[in-house]
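S.K.: Let me give you the structure first, and then I'll get to my questions.
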Amino acid sequence: MNAPPIPHSHPLDLNRLYLKRKLLKLVGAQYHIHEPGSGQEVFLANKKGLKLKEDIRISRNGIEEIHILARQIMDFKASYDVFDLSTTPSVRIGVLKRKGWASIVRDEWVVYDANEVAVGSMLEDSMLLALVRRFLTALVPQNYDMFIGSTKVVDFKQNFNPFTYHLNIDFLVPSAQFDRRLGLAAAVLLASIEGRQSG
């Protein structure tokens, strides 16, 4: 069963969003997703603290819409199921799986559809900068590209800022061609993993 389409006039109809991670949260983590033009917050993602498995809920106007749940306990090659919470029971949108040893040098993911068929990939867009970031300095911003087949569907670009995490999310194809909820979930996961690695 496939997830229902995104409702009309949903914030994910916008081609650009940006994510900021809230600092100094004692338990768990919080990620604020904004519309660039107005700066209005359109989504809020909360990562539950004191959980062995990553558990993140993305809400809009106080209503949870997307659930990201890891299958494994804090694993660098974990698979993350992404669910649509607007249905009862919830319906899986897709799966994001981080490649294990391949991600040590250059972060790489496999993107699966709702039926767990591999349909794309997500990876750091520069091997050289990935090496610099891992072995020389963590101050080099990360950039990622998400592909469905050979088509680039999302560009994730981190702004350099030593005090806060800021990630630009650019959707490159219409929402009718790609479920942008999966792209939003990927952005939150990138922010979450970056927070663990640099925190």
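The values are calculated or read from the model by the stated rules, or taken from the named source; none is laboratory data. Just so it is clear, the structure is predicted and the values come from calculations on it, not from any experiment. Reconstructed Cβ throughout: ideal geometry from the backbone, glycine too, with neighbour counts over all protein chains shown.
S.K.: So which residues in the stretch 145-182 are more than 16 Å from the chain's Cα centre (by Cα) and among the polar types (S, T, N, Q)?
M.R.: S150, T151, N161, T164, S175, Q177
S.K.: Quick one: how many residues across the stretch 145-199 are in a strand (DSSP E or B) and at positive phi?
M.R.: Total meeting the criteria: 0.
S.K.: Here's a follow-up. Considering only the stretch 77-118, state which residues are of a type in the set (A, V, I, L, M, F, W, C), modelled with pLDDT under 95 and in a loop (DSSP other than H, G, I, E, B).
M.R.: Selection gives A78, W101.
S.K.: For the stretch 166-191, what are the residues that are surrounded by fewer than 19 Cβ atoms within 10 Å (Cβ to Cβ) and not hydrophobic (A, V, I, L, M, F, W, C)?
M.R.: H166, N168, D170, P174, S175, Q177
S.K.: Please work out which one of (1) in contact with a helix residue (DSSP H, G or I) (Cβ under 6 Å, 6 or more places away or on another chain); (2) at pLDDT 95 or above; (3) of a type outside the set (S, T, Y); (4) surrounded by fewer than 17 Cβ atoms within 10 Å (Cβ to Cβ) is the condition A138 fails and give its number.
M.R.: Unmet for A138, out of (1) in contact with a helix residue (DSSP H, G or I) (Cβ under 6 Å, 6 or more places away or on another chain); (2) at pLDDT 95 or above; (3) of a type outside the set (S, T, Y); (4) surrounded by fewer than 17 Cβ atoms within 10 Å (Cβ to Cβ): (2).
S.K.: Additional query: I need the full set of residues from the stretch 51-76 which are within 13 Å of the chain's Cα centre (by Cα) and not in a strand (DSSP E or B), in order please.
M.R.: E54 - this is the single residue of the stretch 51-76 that is within 13 Å of the chain's Cα centre (by Cα) and not in a strand (DSSP E or B).
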